Amino acid sequence: MRKNIVAGNWKMNNDLDASIELVHELILATDDIEIGNTRIIVAPTFVNLQKVREIVEGSRVEVAAQNMHQENSGAFTGEISAEMLQNIGINDVIIGHSERRAYFNETDELLAQKVSRALENNMNVIFCFGEQLEDRKSENHFKVVESQLKNGLFHLSEKKLGFVILAYEPVWAIGTGETASPEQAQEMHAFIRNLLKDKYGNEVAKNTSILYGGSVKSSNAKEIFSKPDVDGGLIGGAALKVNDFVAIIKAFS
Ligand code: PEP
């Protein structure tokens, strides 16, 4: 049975003090809420990962990294590897966020390498993908999403895919305040699940969590998450304020 997941991507926000405060508040606020088997994940910046991971110990909050390098070690100044993340107890990593694709030129091919490397190091992957506004306007959004998945993910075996969470994030909805309608999200998620079914079979398709990301707020989370193929959200801006993030998590109560 696939899990519901609400993951907060803090991006390059929150210094150490702010990270500590936010995660403490989040732990307190989610301690006794009834949200079934919903996973709660936060992704702080690299330098604060270890501290936040120590703080969440014993709580229901989990910690993920926002990125990693495709190699395990070597002369790659400024980079962080899966081995290093594992070494400080980080088992989940976001790969392929649209900001990494756009500002750091991360291609499908590079992302495929990162995904493989993460899995080889026994990490779980939150794999992000989604079309640009012009793709949607020209009605190419299904084609774009299909090719991102085929190039970035579908080299994986069925077993390895079991460690991947998908996050469909239409780029036009990220940080813009413009959300895909629940119907648009459901339409794309059903399409994605069908691609999984064609490639890996019905069991895998049924068991893979597919998150929606793009201006999810407390006011729209319930409706979006109520769609049958939407298994939660990857949250940016609204994950930085504990009340907003908790209200989104409570969409599963
Ligand atoms: C994101 O960056 O993944 C995201 C979904 O951001 P926001 O919620 O701010 O649109």
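The values are calculated or read from the model by the stated rules, or taken from the named source; none is laboratory data. What you are looking at is a predicted structure, and each value in this text was computed from that prediction instead of being measured. In this analysis, Cβ positions are derived from the backbone assuming ideal geometry, glycine residues included, and neighbour counts consider all displayed protein chains. Each accessible area value is taken on the protein alone, full model and side chains, heavy atoms only, with ligands, DNA and RNA left out. Shrake-Rupley method; radii C 1.70, N 1.55, O 1.52, S 1.80 Å.
Quick check on residue 37: is it at pLDDT below 95 and open to solvent by 40 Å² or more (accessible area, probe 1.4 Å)? When the stated conditions are applied, residue 37 passes them.
Based on what the data block shows, is residue 162 within 18 Å of the chain's Cα centre (by Cα), more than 16 Å from the ligand (Cβ to nearest atom) and either surrounded by fewer than 16 Cβ atoms within 10 Å (Cβ to Cβ) or under 24 Å from residue 64 (Cβ atoms) (or both)? Write out each step before concluding.
Values: within 18 Å of the chain's Cα centre (by Cα): yes; more than 16 Å from the ligand (Cβ to nearest atom): yes; either surrounded by fewer than 16 Cβ atoms within 10 Å (Cβ to Cβ) or under 24 Å from residue 64 (Cβ atoms) (or both): yes.
So residue 162 fits the description; yes.
The set of residues in region 189-219 being more than 16 Å from the ligand (Cβ to nearest atom), hydroxyl-bearing (Ser, Thr, Tyr) and either part of a strand (DSSP E or B) or under 18 Å from the mean Cα position of the chain (by Cα) (or both) consists of 208 alone. Any residue in region 89-101 that is over 21 Å from residue 15 (Cβ atoms), open to solvent by 40 Å² or more (accessible area, probe 1.4 Å), in a helix (DSSP H, G or I) and modelled with pLDDT of 95 or more? Looking through region 89-101, at least one residue is over 21 Å from residue 15 (Cβ atoms), open to solvent by 40 Å² or more (accessible area, probe 1.4 Å), in a helix (DSSP H, G or I) and modelled with pLDDT of 95 or more. Scanning region 222-253 for residues that are buried (at least 17 other Cβ atoms within 10 Å of the Cβ), more than 13 Å from the ligand (Cβ to nearest atom) and under 14 Å from residue 40 (Cα atoms) yields 231, 242, 246, 247, 249, 250, 251, 252. The set of residues from region 69-88 being within 27 Å of residue 55 (Cα to Cα) and open to solvent by 30 Å² or more (accessible area, probe 1.4 Å) comprises 72, 78, 79, 80, 83, 84, 86, 87, 88. Of all residues in region 152-181, those that are in contact (Cβ under 8 Å) with a residue 60 or more places away in the chain have Cβ atoms under 8 Å from Cβ atoms of residues that are in a loop (DSSP other than H, G, I, E, B) and more than 11 Å from the ligand (Cβ to nearest atom), 6 or more apart or on another chain, in 165/208; 165/209; 171/131; 171/132. For region 93-114, filtered to residues that are within 16 Å of the ligand (Cβ to nearest atom) and among the β-branched types (Val, Ile, Thr), the residue that is farthest from residue 176 (Cα to Cα) is 93.
Condition check: of a type in the set (Gly, Ala, Ser) and touching a Cys at 6+ places or on another chain (Cβ under 8 Å). Does residue 162 satisfy that? Even if it seems obvious, please write down each step before you answer.
Working: of a type in the set (Gly, Ala, Ser): yes; touching a Cys at 6+ places or on another chain (Cβ under 8 Å): no.
When the stated conditions are applied, residue 162 does not pass them.
Of everything listed in (1) within 25 Å of residue 5 (Cα to Cα); (2) surrounded by fewer than 20 Cβ atoms within 10 Å (Cβ to Cβ); (3) more than 16 Å from the ligand (Cβ to nearest atom), the single unmet condition for residue 123 is (2). The set of residues in region 165-195 that are closer than 21 Å to residue 94 by Cβ and not aliphatic (A, V, I, L, M) comprises 168, 169, 170, 172, 175, 176, 179, 189, 193.
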